[in-house]
Every structure is written in C-alpha cells, then in structure tokens.
C-alpha cells in the first residue's frame, strides 16, 4: 500500500489504493454492481428517464433545503454522478462514494470541471456504507440515494450503514434518504421483482420517497413525496 500524502482533513484512514485520484478501501463489496457498470455505461438509463431525473432533482433540492452551504457533504451511492453534479453547486467539500470503480471514474469525469467552476472540492471514495473512512462528527449532510432498498443490503448491513452514517454526522447534521419503490407490494431490485417483506410496513403508494432527518432525531427538517 502506498500512502497518500495529502488526504482531506476528515479522511481518517489511508486507502488501500489510489487510482486516478480515487481512494479505494477494503470492504464487503457486491461485485454485481461493478459487473453491470462494466457491461453497460448506464445500466439503468437514469438520464433517459424523466421520472428518475425528476427524483434526482427533487432529492438534491431536499438536501439543499436542509443546508444551503454545507462545509462537508457525503453522497453515498454517487453512481455516474447525475446527482453529484447538482450537489457540487452548493457544497464546499463533497465526498462522492460508491462501490463500483467504473461508476466512480465516470462520476469523476462528469463532475471535475463543474466542481472547479463552483469552487467545490470533491473527494471520490470507493467504499461501503458501513465502513466509512471519515472522522466522527465531521459531516453536515449525508445523502443516500437508492440505498436502503436498492443496494440489496441484509438487515445487519442496513443497521451497520445507519450506525456509521450517524457516527460521521455532526450534531444537528442531516441525512437525506431517497429510494424508488413500486406501487403496492412490489418493488424492483435491479431487473428482478421481489416482494416487500411485511416488516417494511404498509405498501408505499408513491413511486419515490425522500425524507430529510436531523441527526438529533428530535424532528424532521422537511419531508416530501415525489409523484
């Protein structure tokens, strides 16, 4: 392992690799996502689907409503950078994280020029949600897009992810959760349909949800539902 001489101040762990300016860490990776991004430049055609682009814009607006000028913002699941390029317009330091190296390279190519234009410092992280290489209480905002449902996490992995997100949030910081759900009791997992377990509660009627929650857990900052 070669050490990275100048890590951002809130990155507490040296990466196992640094490739083309992307910091990679060991973790419990699902190789299916990397295989999809390798085989298809845009596996889910988000940029070609009006509903998905609306959801991305809607989620980014919710993030900005919680904090219009965050010092440190983490985007978990940055994918190809469709939401990243919106977040960089108002964050001072943006940490874009994903488990796919191919997705991260695409995100970097898409967003570096915009980051320079808006004066945003982006750090790209190849890491998992439960193994964040960031210091405690260092983030003003965390956004998780297509996360708790779309990443196919086990209950234990979800628990570890949320515990780690809470660890890195500042007191009074916020986390914005966004997921795309099917009407009724069906939802998509990649290209396969899977029944929602009863523990997830009653069927979600809306196709997308986005909630912004403060780390104090006392009250919601804002809440909305995208049609």
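Okay, here's what the table says:
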read-out	value
Subset of the stretch 85-126 [in contact with a helix residue (DSSP H, G or I) (Cβ under 9 Å, 6 or more places away or on another chain), in a loop (DSSP other than H, G, I, E, B) and under 17 Å from residue 72 (Cα atoms)]	88, 89, 90, 91, 120
Near pairs, Cβ below 6 angstrom, 6+ apart or cross-chain, from the stretch 143-171 (assigned to a helix (DSSP H, G or I)) to any residue that is at pLDDT below 90 and buried (at least 17 other Cβ atoms within 10 Å of the Cβ)	160/130; 161/129; 161/130; 164/130
Scan of the stretch 110-141 for residues that are in contact (Cβ under 8 Å) with a residue 24 or more places away in the chain and surrounded by fewer than 18 Cβ atoms within 10 Å (Cβ to Cβ), ordered by number	110, 114, 118, 119, 121, 131, 135, 136, 137
All positions within the stretch 57-84 that are surrounded by fewer than 24 Cβ atoms within 10 Å (Cβ to Cβ), in contact with a helix residue (DSSP H, G or I) (Cβ under 8 Å, 6 or more places away or on another chain) and either at positive phi or part of a helix (DSSP H, G or I) (or both)	57
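Here's the yes/no breakdown for (1) free of Cβ contacts under 8 Å to residues at least 24 places away in the same chain; (2) over 24 Å from residue 161 (Cβ atoms); (3) under 16 Å from the mean Cα position of the chain (by Cα):
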{"residue": "13", "(1), (2), (3)": "no, no, no"}
{"residue": "19", "(1), (2), (3)": "no, yes, no"}
{"residue": "46", "(1), (2), (3)": "no, no, yes"}
{"residue": "79", "(1), (2), (3)": "no, no, yes"}
{"residue": "82", "(1), (2), (3)": "no, no, yes"}
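The values are calculated or read from the model by the stated rules, or taken from the named source; none is laboratory data. Please read all numbers here as calculations on a predicted model, not as lab measurements. Backbone-built Cβ (ideal geometry, glycine too); neighbour counts: all protein chains shown.
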